[in-house]
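Here, each number is a calculation from the coordinates, and none is a lab measurement. This is a predicted model, so every value here is computed, not measured. All Cβ positions, glycine included, derive from the backbone under ideal geometry; neighbour counts span all protein chains shown.
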Amino acid sequence: MDQGNNALKRNKIRVILGDYDQFVASETPAIMRAVTAIIRHRSFDQNSYNHDIALLKLRKPVEFTKTIRPVCLPKERSEPAGQLGTVVGWGRTSEGGTLPALVQHVDVPILTLDQCRSMKYRASRITSNMLCAGKGKQDSCQGDSGGPLLVRNGDKHEIVGIVSWGVGCGRAGYPGVYTRVPLLMLLMVGLLAGDASGKLQAQGKYEMLATPNKNTDERSIVDNMKMIFGGGSNRAPIHDTPSSACSCRCGERNDASRIVGGQATGVNEFPWMARLSYFNRFYCGGMLINDRYVLTAAHCVKGFMWFMIKVTFGEHNRCDDSVRPETRFVLRAIAQKFSFLNFDNDIALLRLNDRVPITDFIRPICLPSDPSNAYVGTNGTATGWGTLKEDGKPSCILQEVEVPVLSNEVCSTQTNYTASMITDNMLCAGYLGVGEKDSCQGDSGGPLIAEREDKRYELIGVVSWGNGCARPYYPGVYTRVTRYLDWIRENSKDGCFCSE
């Protein structure tokens, strides 16, 4: 673990473990490791030092010995205030002093936020992501930055803070300020180490892009990491190959069914379908648009740790453990300026950790060929593993439903939605007076597709929101894909698009 304010390039960083005397190379069996990835908190503020936290991924695994062992991470919602903490490092032993040869440690009392804010710091400087420790005379100092603040838990030590900042060293009224270590670190470490199957390999140059967020529902398990929001145009996409056209065709639906379990089912009928899982729990859908990117709803990723989202392809029965679908993880999430207040701009791109092979059973959906097409009167097809009825359980088998596309005028004036709820970025589809058919919970982020004259299918909507499921005069509301074609192509151009 290292601080977010470390601006060194990863190929310049060397990590030494098991050291004691930093000026003598032979006194202990220390080891050195290079760094292959820096995962840093995107919201680190150089002025306030808020979110001063980062992870370094080492080039080679470290063998644990009597002199090299990992520190324990804190338990969920543990509060260290009132305990005696221990700071360890090779920092200066006095303000303005020299660096010591031997690693030092000092015990400091950990304060509550209220106690810290009542000291000589301005109360607004101390955020909930920080904790304070010390009472003058004994403190961390220059050179200790990035080191641990530990508390004893039985016969083990847990890390509760990372040395971050302070005024001077050991000054009365100015305790040391530390980054509060969240439970999230455990999850980040787990991701970098690989998933349970050992398939995941970290992909070198990428960073944690993060900002504070509020829990929006039970799916937001932790509350201080999320994705980029704001359109993605202010940050250039990561290009590992030039944009090109692949030797494949998008939007081809597999009409021929296979026989599974004695019943005819449309297995892999919709080969662009992607299933999103969070902590191995299904929660949203998505669709493959090229060999590197999945399109989904922004509300499926906002407030989530996107690096814990698993994306699977080529699935039909998500409950069948005997089938091993193609699996990818998310390296980066890009979204428009989405808000939970009105669900406008409910669209996001997920960049995968590796390219997806295009086969008969995994194939991208076509993007709309005519940006001006409103698709009014078109019969669209929505697919997903969502609930089959309102407040029901998600389906094991991929489902499809056909719904007519309504004009925005009809949706604004002839339904129970108010005109202000339906923006130009939305598309309504469904039946008015009778309801009957609709997308439902768990279908979010999935596709609404329409058949073209050449019998291929194109994506016209992303399942976004609605009032209940299939209620009369409450059609499903989708993100209108034609409004985002330039944005989609610009932010996914390092993927290989199939020919139209």
Checklist entry - Under the Karplus relation 6.51 cos²θ - 1.76 cosθ + 1.60, θ = phi - 60°, what is the ordered set of whole-Hz ³J(HN,Hα) values for segment 328-344, x standing for Gly and Pro? => result 9, 10, 9, 8, 7, 10, 10, 9, 6, 6, 8, 9, 5, 5, 10, 6, 6
Next on the checklist: Could you compute the net charge surrounding ALA274? Neighbours are other residues with a C-beta less than 11 Å from the C-beta of ALA274; K and R count +1, D and E count -1.
Outcome noted: +1
Next on the checklist: Give me a comma-separated list of calculated 3J(HN,Hα) values for segment 452-464, in order, Karplus coefficients 6.51, -1.76, 1.60 applied at θ = phi - 60°, integers in Hz, x for any Gly or Pro.
Outcome noted: 8, 5, 8, 6, 8, 10, 10, 7, 10, x, 10, 4, 10
Checklist entry - For segment 10-185, what does the alpha-carbon gyration tensor say about shape, rounded, prolate or oblate, given a ≥ b ≥ c as the root eigenvalues, a/c under 1.5 as rounded, and a/b over b/c as prolate? => result prolate
Next on the checklist: Using the Karplus curve 6.51 cos²θ - 1.76 cosθ + 1.60 with θ = phi - 60°, what ³J(HN,Hα) values do you get for each residue of segment 119-132, in whole Hz, with x for Gly and Pro?
Outcome noted: 7, 7, 6, 5, 4, 5, 6, 9, 8, 5, 8, 10, 9, 10
Next on the checklist: Need one word for segment 264-375: rounded, prolate or oblate. Basis is the Cα gyration tensor (sqrt eigenvalues a ≥ b ≥ c); a/c below 1.5 gives rounded, then a/b vs b/c decides.
Outcome noted: oblate
Checklist entry - In what sequence, highest mean first, do 344-355, 61-72 appear when ranked by Cβ atoms within 10 angstrom? => result 344-355, 61-72
Checklist entry - Roughly how many nanometres apart are two label points built 7 Å out from the Cα toward the Cβ at ASP321 and VAL24? => result 5.5
Next on the checklist: Quick check for you: which residues of segment 291-328 have the amide N under 18 Å from the point 7 Å beyond the Cα of LEU485 toward its beta carbon?
Outcome noted: 295
Checklist entry - Once amide H atoms are placed 1.01 Å from N in the peptide plane, what residues at a sequence separation of 5 or more from VAL108, or on another chain, have their amide H within under 5 Å of its amide H? => result GLY85, THR86, VAL87
Checklist outcome for this item: Non-local residues with an amide H under 5 Å from the amide H of LEU448, with H modelled 1.01 Å from N and Pro and chain starts lacking one, are ILE460, GLY461, VAL462, VAL463
Checklist entry - If you build the Cα gyration tensor of segment 379-481 and take the root of 5 times each eigenvalue, what three semi-axes come out, in whole angstrom, biggest first? => result 19, 18, 11
Checklist outcome for this item: Yeah, segment 352-422 with a ≥ b ≥ c from its alpha-carbon gyration tensor (a/c under 1.5 is rounded, else prolate when a/b outruns b/c, oblate otherwise) is oblate
Checklist outcome for this item: Spelling it out for CYS284: with amide H atoms placed in the peptide plane at 1.01 Å from N, the residues 5 or more places away or on another chain with amide H under 5 Å from its amide H are LEU276
Checklist entry - Where Lys and Arg each count +1 and Asp and Glu each count -1, what net charge lies around GLY173 among other residues with Cβ under 10 Å from its Cβ? => result +3
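Could you list MET119, MET273 in order of exposure, starting from the residue whose Cβ has the fewest other Cβ atoms within 10 Å?
MET119, MET273
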